[in-house]
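Heads up: the structure comes next, in structure tokens.
Read-outs throughout are calculated quantities, based only on the coordinates presented, and are distinct from any laboratory measurement. None of the values given here were measured: they were computed from a predicted structure. Virtual Cβ from ideal backbone geometry, glycine too; neighbours counted across all protein chains shown.
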Amino acid sequence: MNAHSTSPAFKENAHRALHDPALQRALGNVETGFIGRRKSAADKLPEFEALRDSARDIKNHTLAHLDLYLEAYEAKVTAAGGHVHFAPTADDATAIVADICRRVGAKTVAKGKSMISEEIELNAALEAAGVQPVETDLGEYIIQLRGERPSHIVAPVIHLNRDQIEADFRRVHTKLPPERDLSAPESLLAEARGALREKFLAADVGITGANFLVAETGTSIIVTNEGNGDLSQTLPKVHIVLASIEKLVPTLEDASQMLRVLARSATGQEITVYTTFSTGPRRPADVDGPEEYHVVLLDNGRSAMLAGEFREMLRCIRCAACMNHCPVYHAVGGHAYGWVYPGPMGAVLSPSLIGVDKAGHLPNASTFCGRCESVCPVRIPLPKLMRHWREREFERNLSPAPVRSGLAVWGFFARRPRLYRFATRAAMGALSLLGRRKGRFGALPLAGGWTDTRDFAAPEGSTFQARWSAERRAR
Amino acid sequence: MSAQPGPRPRVGLFATCLVDLIRPSVGFAAAKLIEASGCDVVVPSQTCCGQPAFNSGDRRTAKALAWQAIEAFEGVDYVVAPSGSCAGQLKKHVPELFEDEPELSRPADAFAAKVFELVSFLVDVRGMKAVDARFDGAVTYHDSCAGLRELGIRAQPRALLESVEGLTLTEMKDSDVCCGFGGTFAVKYGEISDAIVAKKADNISAAETGTLLAGDLGCLMNMAGKLQRLGRPVKARHVAEVLAGMGDEPAIGEPQGR
Amino acid sequence: MTPREQILSTIRRSLGATGAEAPRRTIVADRLKGHGRGVIPARAQGRSPEGLIALFVEMAEASAATVATVRSADEAPAAIAEFLRAHNLPAALRRGDDARLVGLPWERTTIDVSTGRSFGDDAAGVSAAFGAVAETGTLALVSGPDNPTTLNFLPDNHIVLVDAADIAATYEDLWGEVRGAYGAGTMPRTVNWITGPSRSADIEQILLMGAHGPRRLHIVLVDPNAVAETTEMDATLAAAGSTPAETRVGSTLAGDPKAPERDAPTPPAGKPDRREADRGHEEDELDEALDESFPASDPPSQTQP
């Protein structure tokens, strides 16, 4: 698959985002909502830090034995009457899903929220196969109406304001009276609910993602607050679970540990409203539920990630706490990152999945403030992993030329202390004279990125080392 | 001030390149505080901790600079830097650089063990509870990221500031949120960096203090530069200057008095 | 090579393993059989049965569910009728064939009870819970011939009967019960953990109730030991000059529900009542939804004597 990414244009994307007043208004909701709610949920559970360790250990253990847990999981799904499909690539996955839809003659597919579906661009593939996908998560539904990508992995439309959503609903829901009042968010929700209810009942196939897969029982788990994921998998006659291979955990107990950190980290809830454990198709005497149950296990580069320093990234449970706490994400929003996964987790994952040549900006666009790592429920050292990408880029000469040459000059002097002392003393003396009157510079050559918007303090005069040795000698 | 019994420890002051080049007075303030805590101060020949190279993916240069520092600070009891970011590099990341080389990792680990950020050194290592300083006015304090999250520095500067006569500390909103500096990030992604520091400047202004303090010159230059460009009447200083009773010298980016 | 072999062999190459190593296989087999527990929150441990019930109720109400306690299952139909009346809902109910529901004296109420799965046209459905978890106020429902999953999600009002004796302390304890009922390593088609009514915060991070699933979740807790406690609580309330419990039930169920995260519980003044403004919609669904623009959590209802 040729991933559609605008990540190489990150800087231009960021520029547009910073100058988009509606986006900037909407992004304020990230900071005001998620951060405080996560903190109060964590504070309410004295065991939260210990649970983070536990969650990390469970994931590490599972990843180290992933081949065996996959086999165990597959056997259990099969025993429960389900089917497991292995998809090495995104194209394999979309082909498997499209084939199932074709075989059962599906016209419409109801979809629960799934980032894997975004990753493999499933909707485009389904449309090409003549099947109409319907996103049923409120946020994803709006995204689909707009022909956009989610800008956040938990809150897909965090980049929008209600008036924009109202405009979309008026554009699309043309059968409803144009004079209706949609000013309250409640009325937007009610309208979407009404529109989607019909789609649920009419859908031939339901597709959901999975937050976890349980090897012990062959169970897939989804967590939602709306209930759309449940309607998507309960009403249609076929349920397809789309999951990547690193979603596995060994047992129901392990899953419970993970669930204790997931919702608290994501939305600050004790637990999501609906946590659904699905195992196989409906049982012979059941009165509802799908007649067929399929799991599509996507690799798409993950099995190779297990080999190196990015294995830790496979612990990620997609809670979005990292982006919720990221100053860069707060500034530019998710779309600027240019691909499916934004924020710090995307800055590490995207280069692994679509190549560092495409996503090279992402691990660089971080101040390394470390707030992401400090809230990660599975303790992924995100800054360290971003730095590892920068090392790969440096090795491959992919770092931006001005940065490379600037650093090379700096490194040249810094590695020669005597030359450094001599040169810096002279340079700082001169700069200090130049900046003497104001004490700062409004513009500096080669530092436009800074001085376009900020002053730059002028040096006091001589260097510390020069003054220190002069003063100590004088004593 | 604490005067501990026994021989006075020898502290190698790692001034950091920004202090060395831009604001030597922070180095003198640091030296004064370290001496007041009962230590002797030496300033070995030094350049840069290697963090810009390390964070840009240039491990080779980072290692060379790290090794240079390890050798330069041989023979001191402590290495103290008036910067959470540079101290974090020397304490947390230098060992990472040498972890695969058994002969080098021992000295690297030993070096890292004796590295401290200035204020945490004074409080946590030297047991300093108060300083002999006066500063008239309200200040607000920004927690620089590396100091806060890599080294756990939060209470220490506040404890010492409380002992400064005439000083009141007013907390700003989100004092623990990044100022947008990020080293080379501030230049490479200047526009994003500016958006972040603009928010920070608003939070600083909203605290309605005349002075902004922090423990890292990089962050301070970024915040001072934004405040000055916006014409906000807040002066920025390194926390060491105020703790050392040197808070009456020209603030960061202000003309040298005469 | 099949896609399956391709993925497994890449994983094994990355891990430096063959998949045949006996020690690895033993580790995995033991882990799958062991059901080892990790970190268990103290809040749910070491409680008396009454303490567990109290925690369950507290957490369920915090999730915006309402709870009515009855002394015996026979009182449940009346409690449910009261809930329906209080919300101006039709006296109609859809249920599965679960024995715990079939045997109830529905005839003592005017509720028109139908049975079977939901097709989306029921205002209220009632289910019997497999169990519950005190830790987070979570209900656990399992699918089966007598327990349609559609009843959990399609009706606007979901009423769940739960036996106090079935309240487990933690998720892990619940899994013990599930294994006891279905056998280790075996699961019903679905286990639904439900904690409060459906909601969404997708629009500007504003919490709105009733997204796709039920906008109300009403728990009828069957607790034979509830009487004494209730009386005690009533006495305390009365002593403190509070409104008597019965009145509170009436008023909280019928009145003016508040959304938990919104400032404005009533339509802004000057605007026409939404009920009026939205007449003429084609879909009853939409009408109903707008009627309940601020459905959210009713303040917790009192224990029913």
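Between B:VAL19, B:VAL43, B:VAL119, find the one with the highest GNM mean-square fluctuation for chain B; connect C-alpha pairs within less than 10 Å.
Result: B:VAL43 has the largest fluctuation of those listed.
If I stretch the segment between A:ALA285 and A:ALA304 completely, what's the gain in nm (0.36 nm per residue apart, minus their alpha carbon distance), one decimal? Don't skip to the answer; put the middle values down first.
On the way: separation 19, 0.36 × 19 = 6.84 nm, distance 4.30 nm.
So the extension gain works out to 2.5 nm.
Helix-derived [θ] at 222 nm for the protein assembly as shown: sum -39500 (n - 2.57) over DSSP H runs of at least 4, divide by residue count, nearest 500?
Working: 46 runs with 458 residues, N = 1038.
Value at 222 nm, helices only: -13000 deg cm²/dmol.
Would you mind working out the magnitude of the charge dipole of the protein assembly as shown relative to its Cα centre, with +1 at each Lys and Arg C-beta and -1 at each Asp and Glu C-beta, to the nearest 20 Debye? Let's see the in-between values first.
Numbers: 115 positive and 132 negative charges, 1040 e Å.
With Lys and Arg at +1 and Asp and Glu at -1, about 5000 debye.
Simple spin-label model, 7 Å along Cα-to-Cβ: B:ASP136 to A:LYS384 in nm?
Each label point is offset 7 Å from its Cα along the Cβ direction, giving 5.0 nm.
For a Förster distance of 25 Å, can you work out the FRET efficiency between the beta-carbons of A:HIS4 and A:ALA95, rounded to the nearest 0.05?
0.90
Between B:GLU103 and A:LEU419, take the C-beta separation as r, use R0 = 35 Å, and let me know the FRET efficiency to the nearest 0.05. Before the final figure, lay out the partial values.
On the way: r = 28 Å, r/R0 = 0.81.
Approximately 0.80, to the nearest 0.05.
Most exposed first by the Cβ proxy, i.e. fewest other Cβ within 10 Å, how do C:ARG24, B:ARG60 rank? Each step should come with its number before you reach the end.
Details: C:ARG24 17, B:ARG60 12.
Taking fewest neighbouring Cβ atoms as first place, the list is B:ARG60, C:ARG24.
Counting only the backbone N, which residues of segment B:102-140 are under 16 Å from the spot 7 Å out from the Cα of B:VAL42 toward its beta-carbon?
Flagged as within label range: B:111, B:114-115.
If you scale each eigenvalue of the Cα gyration tensor by 5 and take the root, what three semi-axes come out for the protein assembly as shown, rounded to whole angstrom and sorted largest first?
On the way: eigenvalues 623, 206, 158 Å².
With the √(5λ) rule applied to the protein assembly as shown, the semi-axes are 56, 32, 28 Å.
Compute the relative contact order of segment A:161-255 as a whole-number percentage, counting only Cα pairs closer than 8 Å that sit 6 or more residues apart in sequence. Can you show the working numbers first?
On the way: 105 pairs, mean separation 26.0, N = 95.
Once divided by the residue count of segment A:161-255, the mean separation gives 27 percent.
Under 12 Å from a label point 7 Å along Cα→Cβ of B:GLN256: give me every residue in segment B:15-39 with its amide N that close.
Under 12 Å, as judged by backbone N against the label point of B:GLN256, lie B:22-25 of segment B:15-39.
Which residue, chosen from A:THR272, A:CYS319, A:SER374, occupies the Cα position most advanced towards the positive end of the dipole of segment A:265-379, where the dipole is computed from +1 (Lys, Arg) and -1 (Asp, Glu) charges on Cβ about the Cα centre?
A:SER374
How many Cβ atoms of partner chains, on average, are near each residue of B:56-69 if near means within 10 Å of its Cβ? Can you show the working numbers first?
Details: counts 14, 18, 10, 5, 3, 8, 2, 0, 3, 4, 0, 1, 4, 0.
Average neighbour count from other chains, rounded to a whole number: 5.
So how do A:LYS358, A:LYS59 line up by other beta-carbon neighbours within 10 Å, fewest first? Could you put the intermediate results ahead of the total?
Working: A:LYS358 18, A:LYS59 25.
Sorted ascending by nearby Cβ count, the order is A:LYS358, A:LYS59.
Using a Förster distance of 22 Å, how high is the FRET efficiency between C:ASP112 and A:LEU201, based on the Cβ-Cβ distance and rounded to 0.05?
Numbers: r = 23 Å, r/R0 = 1.04.
With R0 = 22 Å, the Cβ-Cβ based efficiency is 0.45.
Based on a Kirkwood Rh over C-alpha pairs, give the Stokes-Einstein translational diffusion coefficient of chain A at 37 °C and viscosity 0.692 mPa s in µm²/s. Intermediate values should be presented prior to the final figure.
Numbers: Rh = 24.7 Å.
The diffusion coefficient I find is 133 µm²/s.
Taking neighbour Cβ counts within 10 Å as the exposure measure, how do C:SER48, B:SER83 sort from fewest upward? All intermediate terms of the calculation are to be shown ahead of the outcome.
Details: C:SER48 8, B:SER83 33.
Taking fewest neighbouring Cβ atoms as first place, the list is C:SER48, B:SER83.
Starting from the Cα of C:LYS33, move 7 Å in the Cα-to-Cβ direction to define the label point; list residues of segment C:166-201 whose amide nitrogen is under 14 Å from there.
C:184-185
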